[in-house]
There are 4 protein chains.
Amino acid sequence: MKLTKSIIKRKALVDATIQLINEDGFHNAPMSKIAKLASVSPATIYLYFENKQDLVNKVFIEIKEIFTTFIFETYLEEMTVEDGFELIWRRISLFKLEQCKEAMFLMHCDFNPIIDKKIREEGITHLQPLLDLWQRGKNEGIIKPISNYLLFAYAINPISTLLIMQQQGIYTINPSDINEAYKAAWDAIKLSK
Amino acid sequence: MKLTKSIIKRKALVDATIQLINEDGFHNAPMSKIAKLASVSPATIYLYFENKQDLVNKVFIEIKEIFTTFIFETYLEEMTVEDGFELIWRRISLFKLEQCKEAMFLMHCDFNPIIDKKIREEGITHLQPLLDLWQRGKNEGIIKPISNYLLFAYAINPISTLLIMQQQGIYTINPSDINEAYKAAWDAIKLSK
Amino acid sequence: MKLTKSIIKRKALVDATIQLINEDGFHNAPMSKIAKLASVSPATIYLYFENKQDLVNKVFIEIKEIFTTFIFETYLEEMTVEDGFELIWRRISLFKLEQCKEAMFLMHCDFNPIIDKKIREEGITHLQPLLDLWQRGKNEGIIKPISNYLLFAYAINPISTLLIMQQQGIYTINPSDINEAYKAAWDAIKLSK
Amino acid sequence: MKLTKSIIKRKALVDATIQLINEDGFHNAPMSKIAKLASVSPATIYLYFENKQDLVNKVFIEIKEIFTTFIFETYLEEMTVEDGFELIWRRISLFKLEQCKEAMFLMHCDFNPIIDKKIREEGITHLQPLLDLWQRGKNEGIIKPISNYLLFAYAINPISTLLIMQQQGIYTINPSDINEAYKAAWDAIKLSK
DNA sequence: CATGAATGAGAGTTCATTCAT
DNA sequence: CATGAATGAACTCTCATTCAT
């Protein structure tokens, strides 16, 4: 796979978009600034993307894909519910902590009306293998028989809350937090006897 | 008497700001649109607020104050840790579900760089009575001995996640969810023997 | 002559106008600022003046009248040309140095297109007694037989140049300058044998 | 070649600025009007200048430089004091009469608080060769031993007064005036035996 | 007479987008 | 493919003026 000049430029644009929207918000991330950070002309953006909306949409879709691939990369359907959940949970946390620029960008888009409604309406369907695992857990009496959205809100999203607070400079996540966070996530959704 | 008119106009501006920033984001909520929704001239905004930044800052501070007052209104320090926590938790949920415009606006501001850093840096200090309660819970061996930020992320914030998803039209919270959510919150932070 | 409340307010407005236009220029001297400095409501200005243009025009005319009255107050037509000129010259200088706010304001208006053309077209006709004196001086062979405008430019206006430079903070007029200035003025216009 | 177009547009903007500020004053010379007179979009101004203040500052500095270069272009330090002074004086007059738009603009800026203080504080230092000449004249007992600012006010600035009056339509400079003006200037500053 | 509140019109400025090269 | 120059539209904000009281 040859990395032509074009691909490099496109990548630079995607990275610049992520960085600037994270730092300054969608407003205050003008095309000219994005272009400058990517070291291209503003006009060049329009060779790769239709317009600003399309740029943000495409970046969102691509990053989300990378995220989804990453978190399920090591997951096997044969795993037990608890093992599978922990694995996925730790992959998600790993991604959010190590690729936090990308993770922050996804959260921005989830929350702000900056990407097209249609794209955002997919909701949590990209987590399908996790949803399937939870279903299995419910069937086996291991996971609470509650809505997937509740499970998501209590088991998956809190780590994002921590990340946001860290990004805002009001909290610093330290290594032991991760284990404690996992414990809390599991306690929140597991069915106690 | 003379103040009445002013107060009405100011209130209309605050409401318009909340609604438009919720719907369209800070960008795409131009002063002219805010003015029109509040049925005043754009110039009138500047009689009540110094500029757009000041408008958003002030709305944030005022709504946050209303929120904080509301959630602790019925709380008494004599309550047991578990009773106190449940009470506060339910007041928070009640506010977020019934005054969801205001709640959404607060979340917008917590996440986006649209209000001044100094104001946002207060973090979760406005929840002081809850933090004190948690401290008591930790001392009594009832609450997990983990960071308040972790407790917040797992016990308080998930309800916001649900609200956002509902606002986005991808989920509808139903009455039984609230009880299940409370159970999950408590399971996540309580110290099991 | 009773100083009613009205007259006091009008005077305050005139003074405020002079001060603000001197300090900040016509632009940057908004009606609201003028009103505030005069301690009245913006609306009150319109009880005394038709609009901003009218305000500036009237202030100009009134100050110019005060100036003209002052500089000829002690002049007698029986004086010799040289005595009469020196007397008027020194009265002009005295006014410009001691009532320099008012003097600066007149200069502003002479130079800027801020007062109505018709009013400014009067030119130097308000100096009629001086022009008459110069005519006498020309007839008597004491003053150079050149245009009154030239005489004005060389004998009267330079003191304004000094005042402006002082106001700008690039020069400080000291007492001996006045005598030297008078000497230069006289040398410039007197007819040498 | 590529720069040509830019230089043309920039020049048009500078000219438009001079003309409009002369005619209407700093106030009443809105960017939109300047743009229209220069036949460009308002936004284009901001490609060449940071803002309105910067535009006026830069125009002032550039015109002043042209003026200074012009008036000393034919001057030689070997000249006698009287010859040198007459030469410079006549170059100054020539510039003010023939490039009167530019000359008027410089006067506007000298008088009004429309350019930055720092730039205006240079005062008459741009006339250094003339100031040196005057010093020589004082040493040789040819020029009155008085402040350079007095010399400036009486020998150099009066021609501006005439120009202003002409611009205002209340006087018309005729050719013989120039010689008479020079005579008056010299009489005002030369030391009589 | 006097006012504080209100505003329409227009100021300076920015920005997503286009186009000649 | 890539660009710098250019722009119309829209933004935030100001101000001379008015009006209900």
Gyration tensor verdict on the stretch D:1-52 (Cα atoms; rounded if a/c is under 1.5, prolate if a/b is larger than b/c, oblate otherwise): prolate
Ellipsoid semi-axes in whole angstrom, largest first, where each is sqrt(5λ) of the Cα gyration tensor of the stretch C:68-114: 25, 11, 8
Taking D:C109, C:C100 and counting other C-beta atoms within 10 Å, the order from fewest to most: C:C100, D:C109
Peptide B:16-24, shielding by other chains (average Cβ, 10 Å cutoff): 1
Gap separating the Cα centres of the stretch A:141-190 and the stretch D:128-193, nearest whole Å: 84 Å
Cα coordinate range in the protein assembly as shown, projected on the principal axes (Å, largest first): 125, 76, 42
Relative contact order [Cα under 8 Å, 6+ residues apart], the stretch C:1-62, whole percent: 31 percent
Per-residue mean of C-beta atoms belonging to partner chains within 10 Å, peptide B:177-187: 5
Length released on extending from A:R136 to A:E122, taking residue separation times 0.36 nm less the Cα-Cα span: 2.8 nm
Given charges at Cβ of Lys, Arg, Asp, Glu: chain B dipole, positive-most of B:Q19, B:G141, B:N157: B:Q19
The protein assembly as shown, dipole about Cα centre (Lys/Arg Cβ +1, Asp/Glu Cβ -1), debye to the nearest 20: 960 debye
Dimensionless Rg over Rh [the stretch D:30-85; C-alpha; Kirkwood]: 1.30
Options A:I189, A:S6, A:I115, ranked by Cα towards positive dipole end of chain A, top entry (Cβ charges): A:S6
Projected label distance in nm at A:D15 and D:I66, using a 7 Å step from Cα toward the beta-carbon: 4.7 nm
Debye-sum result for the stretch A:1-104 in log10 I(q)/I(0), which assumes one identical scatterer on each alpha carbon, at q = 0.15, 0.25 Å⁻¹: -0.70, -1.31
Tensor-based shape of the stretch B:82-138 (alpha-carbon gyration tensor, a/c under 1.5 rounded, otherwise prolate or oblate): oblate
For chain B, calculated [θ]222 nm from helices alone, where every DSSP H run of n ≥ 4 adds -39500 (n - 2.57): -21500 deg cm²/dmol
Rel. contact order, % - alpha carbon contacts under 8 angstrom, at least six apart, chain D: 19 percent
Proxy reagent accessibility, fewest Cβ within 10 Å first, across C:D116, B:D110: C:D116, B:D110
Check: chain A dipole with +1 on Lys, Arg Cβ and -1 on Asp, Glu Cβ, in debye: 580 debye
Dimensionless Rg over Rh [chain C; C-alpha; Kirkwood]: 1.02
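Throughout, read-outs are computed from the coordinates displayed, never taken from laboratory work. All values reported here derive from a predicted model rather than from experimental measurement. Because the Cβ atoms are built from the backbone with ideal geometry, glycine has one as well, and the counts that use them run over all protein chains shown.
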